[in-house]
Amino acid sequence: MKLLKILSTGRVMLLLSFILMSFIAISPDPWASGLEIKGIDDNSSAKLNGLSIGDIIKSVGGEKIETFDDLFIELDSYSIGEIVNLETDSGSIAFVKESDNGFTVKELGTSNLKKGLDLVGGVRVVLRPTADLAESDIIDIIDLLEKRLNVFGVSDMSIRNSKDLEGTNYIIIEIAGASREEIVNLVSKQGKFEAKIADEIVFRGGTDIKSVCRSGECSGIPYQNGCYQIEENQWQCRHQFSVGVSTESAQKHSDITSELGIVGGYLSEKLDLYLDDELVSSLSISENLQGIIATTFSISGSANGLTEEDAIVNALADMKEMQTLLISGSLPYSVEIERVDVISASLGEKFFGEALLSIVLAIFAVGGVIFLRYRNLGIALPMIFTGLSEVVIILGFAALIRWNLDLAAIAGIIAAVGTGVDDQIVITDEVMRGKSADESWVERMKRAFFIIFAAYFTMIVAMLPLWFIGAGVLKGFALTTIVGVTIGVFITRPAFAKIIEQLNE
Amino acid sequence: MILPVLILVVSLGILGNNYSTFGDFIEKDVSLKGGYSVTVETEKEFSPSEVEDMLGGDISVKKLRSIATGNALGYTIEYGGNNIDSFLNEVEALFEVSEYSIEEISPAISQRFWEGTLKAISVAIIAMSLVVFLYFRKVVPALAIVLSGISNIIGTLAAISLMGISLSASGIAAILMLLGYSIDSNIVLTARVMKNKRDSLEDRITSAVKTGLTMSITSIAALTVLYLTSTAEILKIISLTLIIGLLLDVLNTWIQNAGILRLYLGDKK
């Protein structure tokens, strides 16, 4: 009867409905398995035949798919040009197998909680523009970086702007599961590409480039003379790929070359390729190209390695980077790397579950101390319940606004639940003390919440400045703490007061 | 009253000594001074000094251990040199790993972060003082609360420095949390003493001490569990800093601040 009475009070019902809503927002599904489409190329056969982002793959060619290995073993068994039958949760589609699958997948999450980079592993780069820029310039840089990463084949990333107290702008890029070198090179280069003959620009990267060949027929390492050994343990490989340029650039080529002399079958000046004002290669121009309106150019570069294999891998990586920079064009301003974090995935995975378990254990430890102090389960159990519900509601809120939970956010949960316990002790003491002094409930609560609100406001004003420092490193901490104590003060702690009042009447 | 003042003076002495010996009042880790920090996950057993000897150069090593078994979980190595690629090769060879975490922080951003942090803490203290003053509308009790919060931070920083722990970004989060907790317990004391006019001063202080000590003991118990069960560096640092800070807070609130209030209210009578 007592229980029913407690459950039917407004405050407790509010708390219960928040817990329920949090569970809906988190929608935990520990048994979820399968692969979800994360990214899809625009011109891929799969896209043209109706596959879209968010589809969940059920089977390929009748074989059930549950893991990455299942999918790739199955897809690799088809040769290029064959028809693949794919079953997804939204129907079945058939597409032509291409050299590249044309889509990327991720494992289905077991809940709507998004884990931050330090819990899933990946690369975080903090960039600072070298000049003072307006908001709109920063957005331009972000758009370009996003395009560049997309071209490179990264679809799951977060790029955002952050400003510190001095007004310095930072650009923060987070990519799950990427490796350090390729990303750092790609985002830190301004990517200003210029092709010059006799110091006159023929074409630039970005706008002048109409197409960049990335297929095997017109890009790669030449079969003949592609690689050679420079000395012991030092190999060099050359890569090349063709690009199509605008008609203005083609005309410029014609104008410049018609005035050049001829030396031994080649023009007297070379085609010099510059990346960020550094000469990357210098190509001789055959005499029969003189004065021609050329719309296709061959671009090349080279890379070294300890073995021939190493040199090939490095040359191909170099080629991919150059192609990406050529397609996406140059950043309007140069940027500098301020901070790079690489987080290994296996370390991160462990932290999340472990941290949540630690918090739960800590709440039970609090319950133990409280029981020893008051010798009353009617106080200790509601205290544990309130602590746990604060954790659930904070997580629910995080799931709802798609907030990335990182270790700093978990520290914030601890701070919020910790002040929660303090507040509940204040409430308990007021309730128990007031009972003996025979004061009205309202009177007692007024006193308790006078203290609670003082603590609440001081906590909030202490957390707000944190929001703005260090390129947002502690933003997650500040946000979770603020959200957590707000939920506590307005929802869980009033309910706690009601519960212990009823239980200890 | 003498003990908290003594601790404050000694703490200031420690921080001041730090300042005169290495130019800053507390040692900072890579997240605040710039450099590299590499975390390797491995079960290979070495002592930190063995790792320092084997890798050589300008490094400091911390070992991560499992609380349940005491076995090695991994190592965090801070590297101050400038040839990170060859250093990583050595790390890979020593621990036979290919996957690890790296933090790479430019001295410029860490400098700005540090300046920002000092500002953030100052802003936080000023804003908290304002809130406390608006709440109690009495200068002396409000100042006593703020004084207690500040002595708490100073004492904790000194204790951390004595234990040879360098201050990190997570340590700063802990310091701000501590500021919140310490103001909490002081508000309980001040509110009980100032708002309740019925009981005697001593009774009011005793009732506040009871509530406040329960708050501190539960927090310390929870943080001890957190410290023992977590392996993530950030959680360990935060819990350890808070445990030290809360112990100091017991002195600062219930001896120093209670003493000030006793004098203040006693004078008025």
- Semi-axes of the equivalent ellipsoid for segment A:62-218, Cα gyration tensor, largest first, Å: 36, 26, 12
- Item | Which of B:G74, B:I145, B:I125, positive extreme of dipole for chain B (C-beta unit charges) | B:I145
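What is the sum of charges, Lys and Arg at +1 and Asp and Glu at -1, for the other residues whose Cβ falls under 11 Å from the Cβ of B:V61? Mind showing how you got there, number by number?
On the way: positive: B:K62, B:K63; negative: B:E50, B:E52, B:D53, B:E78.
Spelling it out: positives minus negatives among the neighbours equals -2.
Where does the protein assembly as shown land at 222 nm, in deg cm²/dmol rounded to the nearest 500, when only DSSP H runs of n ≥ 4 count, each adding -39500 (n - 2.57), divided by all residues? Don't skip to the answer; put the middle values down first.
On the way: 25 runs with 417 residues, N = 774.
Here the helix-only value at 222 nm equals -18000 deg cm²/dmol.
Scan chain B and note any complete DSSP helix (H) whose C-alpha atoms cover at least 20 Å along its axis and whose Kyte-Doolittle average is -0.5 or more. Let's see the in-between values first.
Values: long enough: B:2-22 (30 Å, 1.66); B:107-136 (43 Å, 1.23); B:139-162 (34 Å, 2.02); B:169-195 (38 Å, 1.19); B:201-229 (42 Å, 0.84); B:233-251 (28 Å, 2.13).
TM-like helix candidates: B:2-22, B:107-136, B:139-162, B:169-195, B:201-229, B:233-251.
Could you work out the local net charge near B:N152, counting Lys and Arg as +1, Asp and Glu as -1, over the other residues with Cβ closer than 14 Å to its Cβ?
Numbers: positive: none; negative: B:D184, B:D249.
Net local charge, B:N152 excluded: -2.
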- Query: Once the convex hull of the C-alpha atoms of segment A:122-189 is built, how many Å³ does it hold per residue, rounded to a whole number?
  - Reply: 81
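May I ask you to sort B:L32, A:L133 by Cβ crowding, counting other Cβ atoms within 10 Å and putting the fewest first? Intermediate results must be reported in sequence, preceding the final value.
Details: B:L32 23, A:L133 16.
Going from sparsest to densest Cβ surroundings: A:L133, B:L32.
Where the only charges are on Cβ atoms (+1 Lys, Arg; -1 Asp, Glu), what is the dipole of segment A:122-189 about its Cα centre, to the nearest 20 debye?
Numbers: 8 positive and 12 negative charges, 45 e Å.
Roughly 220 debye, rounded to the nearest 20.
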- Cut-off under 5 Å, modelled amide H: who pairs with A:K210 long-range: A:G244, A:V245, A:S246
- Each residue of B:171-178 has, on average, a number of other protein chain C-beta atoms within 10 Å of its C-beta equal to 6
- Item | Summed side-chain charge close to A:S90 - residues other than A:S90 whose Cβ falls under 13 Å, Lys, Arg +1, Asp, Glu -1 | -3
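Given N residues in segment B:1-100, what is its alpha carbon radius of gyration divided by 2.2 N^0.38 Å?
On the way: Rg = 17.9 Å, N = 100, 2.2 N^0.38 = 12.7 Å.
Against the compact-globule rule of thumb, the ratio is 1.42.
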- Query: Which residues' amide hydrogens lie under 5 Å from the amide hydrogen of A:T88, considering only partners 5 or more residues apart or on another chain, with H built in the peptide plane?
  - Reply: A:K58, A:I93
- Note on the structure: Working note, chain B: Cα radius of gyration (Å, one decimal) and Dmax (Å, whole number) are 22.0, 75
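Could you please rank A:K2, A:K446, placing first whichever residue has the fewest other Cβ atoms within 10 Å of its Cβ?
Details: A:K2 10, A:K446 13.
The fewest-first ordering by Cβ neighbours comes to A:K2, A:K446.
Could you give the semi-axes, largest first, of the ellipsoid that matches segment A:212-313, computed as the square roots of 5 times the alpha carbon gyration tensor eigenvalues and rounded to whole Å?
Equivalent ellipsoid semi-axes, largest first: 29, 16, 12 Å.
Run the numbers on chain A and let me know its relative contact order in percent, using alpha-carbon pairs under 8 Å that are six or more apart.
Numbers: 881 pairs, mean separation 91.6, N = 505.
Dividing the mean separation by the residue count of chain A yields 18 percent.
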- Query: Span-like helices, chain A: DSSP H, alpha-carbon axial extent 27 Å or more, mean Kyte-Doolittle -1.0 or greater, which ones?
  - Reply: A:308-328, A:345-374, A:377-400, A:407-437, A:441-463
- Set Lys and Arg Cβ to +1 and Asp and Glu Cβ to -1, take the dipole of segment B:197-269 about its Cα centre, and tell me which of B:S207, B:A232, B:A221 lies farthest positive. B:S207
- Item | Size of charge dipole - chain B - debye, nearest 20, with Cβ of Lys, Arg +1 and Asp, Glu -1, no other charges | 2440
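Ranking A:E82, A:E354, A:E232 by Cβ neighbours within 10 Å, fewest first, what do you get?
A:E232, A:E82, A:E354
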- What percent of all Cα-Cα pairs in chain A falls in each 10 Å bin, counting up from 0? 3, 14, 19, 20, 16, 11, 7, 5, 2, 1, 0, 0
- Is the shape of segment A:35-107 best called rounded, prolate or oblate, per the rule: a/c under 1.5 gives rounded, else a/b larger than b/c gives prolate, else oblate, with a ≥ b ≥ c the square roots of the Cα gyration tensor eigenvalues? rounded
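Computed from the coordinates by the stated procedures, all read-outs in this text should not be read as laboratory data. These figures come from a predicted structure and were not determined experimentally. Positions of Cβ are generated from backbone atoms using ideal geometry, with glycine treated the same way; all protein chains shown enter the neighbour counts.
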